[in-house]
Structures are given as structure tokens and as C-alpha cells.
């Protein structure tokens with residue numbers, strides 16, 4: 001899996017930093033707000049999917065390994 005939840009976290013903080021930039025005004029700010037809403041909507045779905053993966057792994061696969069999307073190193 002290419003993207004991990006740490007990548008999502010980084011994208012969310014980057015969006016927050018852009019929204020916090022006081023030099024952004026007017027239409028540019030509105031565009032950033034719109035983009036941030038889209039990013040958080042997608043993030044919400046990714047998190048819900050991750051929760052489903054974790055619940056399924058608990059139910060059917062045991063907890064010997066963490067889901068790949070967490071980005072944790074596999075232990076040998």
C-alpha cells in the first residue's frame with residue numbers, strides 16, 4: 001500500500017496551515033476553504049474505511065499484525 005494514515009495526517013495538517021495563513025484573503029481564502037472541506041470529506045471516508053479494516057481484522061484475521069494502512073513496520 002502506497003499511502004499510510006501518517007500521510008493523511010500530514011495532508012490534514014498542511015491544509016490547516018494553509019487555512020491559518022493570514023496573508024490568504026478573499027477568493028483565494030474561499031478556494032482554500034473549499035479545498036479543505038473536500039480534503040476533510042475524503043479523510044473522513046479513509047478513517048471510516050480504516051476502522052472497518054481494523055474491525056474485520058479483529059473479527060476474522062486475528063490481531064497478529066496491524067493493518068497495512070497504519071504504516072507500521074512488520075515485526076519478524
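The values are calculated or read from the model by the stated rules, or taken from the named source; none is laboratory data. Computed from a predicted model, the values in this text were never measured in an experiment. Cβ coordinates were reconstructed from backbone atoms using ideal geometry, including for glycine residues, and neighbour counts include every protein chain displayed.
Here 33, 47 are screened, and the one residue that is modelled with pLDDT of 95 or more, surrounded by 11 or more Cβ atoms within 10 Å (Cβ to Cβ) and part of a helix (DSSP H, G or I) is 33. Filtering segment 14-30 to residues that are part of a helix (DSSP H, G or I) and loosely packed, with under 10 Cβ neighbours inside 10 Å leaves 17, 26, 27.
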